[in-house]
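Undergrad: I'd like to ask you about the structure that follows.
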Amino acid sequence: MKQDELLAKRSGNKCELCEATENLKVYEVPPATGNMEDAVLVCPKCLAQIEKKEELDSKHWQCLTTSMWSEVAPVQIMAWRILNRLRNESWAAEQLEMLYLDDEKLAWAKATGDHESDGSVDLHKDCYGAVLNNGDTVVLTKSLDVKGSTLNAKLGTVVRNIRVVPDNFEQIEGRIEGQQIVILTKYVRKQG
């Protein structure tokens with residue numbers, strides 16, 4: 001049997017965290033070794049929030065009050081990590097106090113350091129907090145001198161079809177007067 005088939009059988013064809021039944025995916029709990037014992041079956045909503053592609057939805061994660069009692073180690077690990085990210089919520093803090101992990105599981109849970117972060121997602125945001133995506137149009141909120149060029153990008157300049165810089169959430173790339181430049185997100189406002 002394949003890993004996804006074994007996980008589907010183990011989970012009863014449900015997300016092992018929230019019990020959703022649609023579009024389930026295998027998620028290897030880092031640091032994973034490739035064994036089925038290191039993976040969980042999760043729905044797209046859980047996966048997006050685990051991977052910090054969406055903000056944590058506290059109401060969604062209240063499902064952990066049940067799934068944290070699973071006998072499956074990776075499910076316990078994921079419950080512990082998510083509860084830690086939500087630890088500022090009183091219900092999550094209470095559940096975290098009740099969730100016991102032996103030394104081996106606790107070491108695995110802490111291995112990524114994910115429990116030390118909050119639930120916020122690292123996203124490119126403009127000066128007003130609007131999320132920026134590839135292809136968006138932005139307006140400069142400050143006149144900018146472009147390093148290594150005589151170009152001065154004026155306040156109010158429209159930059160179409162931007163690209164977000166994957167490794168730096170404070171930068172986007174855009175074309176001004178035919179020249180590709182890097183722009184700090186704190187100096188742009190998303191248009192439209």
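Throughout, read-outs are computed from the coordinates displayed, never taken from laboratory work. Just so it is clear, the model here is predicted, and its values are computed rather than measured. We place every Cβ from the backbone using ideal geometry, glycine too, and count neighbours over all the protein chains shown.
Undergrad: Counting only other residues whose beta carbon sits under 14 Å from that of residue 187, what net charge do I get with K and R as +1, D and E as -1?
TA: Once all neighbours under 14 Å are counted, the net charge is +3.
Undergrad: Project the alpha carbons of the chain onto their principal axes and report the range along each, largest first, in whole Å.
TA: Computed over the Cα atoms, the extents are 63, 39, 29 Å.
Undergrad: What residues qualify as long-range amide H neighbours of residue 125, i.e. H under 5 Å apart, gap of 5 or more or another chain, H built at 1.01 Å from N?
TA: Amide H neighbours of residue 125, under 5 Å, 5+ apart: 132.
Undergrad: Under a straight-distance cross-link criterion of Cα-Cα below 17 Å, which aspartates and glutamates are reachable from residue 9, leaving out those fewer than 8 residues away in the same chain?
TA: Result set, ordered by chain and number: 19, 22, 28, 37, 38, 71.
Undergrad: I'd like to know which of 151, 83, 169 lies farthest towards the positive end of the charge dipole of the chain, counting +1 on Cβ of Lys and Arg and -1 on Cβ of Asp and Glu.
TA: So the residue furthest toward the plus end is 151.
Undergrad: Note down, for the range 57-159, the three equivalent ellipsoid semi-axes (square root of 5 times each alpha carbon gyration tensor eigenvalue), biggest first, whole angstrom. Intermediate results must be reported in sequence, preceding the final value.
TA: Numbers: eigenvalues 390, 46, 23 Å².
Working from the Cα gyration tensor, I get semi-axes of 44, 15, 11 Å.
Undergrad: Still on this structure: Could you list, by residue number, the cysteines of the chain that have no other cysteine's beta carbon within less than 4.7 Å of their beta carbon?
TA: Cysteines lacking a close Cβ partner in the chain: 46, 127.
Undergrad: Distance from the Cα centre of the range 2-40 to that of the range 58-74, in angstrom?
TA: A separation of 14 Å, based on Cα centres.
Undergrad: Only Lys, Arg, Asp and Glu count, each charged at its Cβ (+1, +1, -1, -1), so figure out the dipole size of the chain about its Cα centre, rounded to 20 debye. Let's see the in-between values first.
TA: On the way: 24 positive and 30 negative charges, 216 e Å.
Here the size comes out at about 1040 debye.
Undergrad: What is the percent of Cα-Cα separations in the range 138-190 that go past 12 Å? Working shown, then result.
TA: Numbers: 827 of 1378 pairs.
Counting every Cα pair in the range 138-190, those more than 12 Å apart make up 60 percent.
Undergrad: Further question on the same structure: If each residue's Cβ is checked for other Cβ atoms within 10 Å, how do 64, 123 rank with the fewest at the top? Show your work: numbers first, answer last.
TA: Numbers: 64 24, 123 17.
Listing 64, 123 from fewest to most nearby Cβ atoms yields 123, 64.
Undergrad: Still on this model: May I ask you to compute the full-extension gain from residue 37 to residue 52, defined as 0.36 nm times their residue separation minus their alpha-carbon distance, rounded to one decimal in nm?
TA: Details: separation 15, 0.36 × 15 = 5.40 nm, distance 2.31 nm.
Contour length minus the Cα-Cα distance gives 3.1 nm.
Undergrad: I'd like the per residue volume of the convex hull spanned by the Cα atoms of the range 3-116, given in cubic angstrom. Let's see the in-between values first.
TA: Working: hull volume 10.8 nm³, N = 114.
Convex hull volume per residue, Cα atoms: 95 Å³.
Undergrad: Holding the Cα-Cα limit at 31 Å, pick out from 45/147; 45/190; 2/52; 45/105 the pairs that are longer than that.
TA: 45/147
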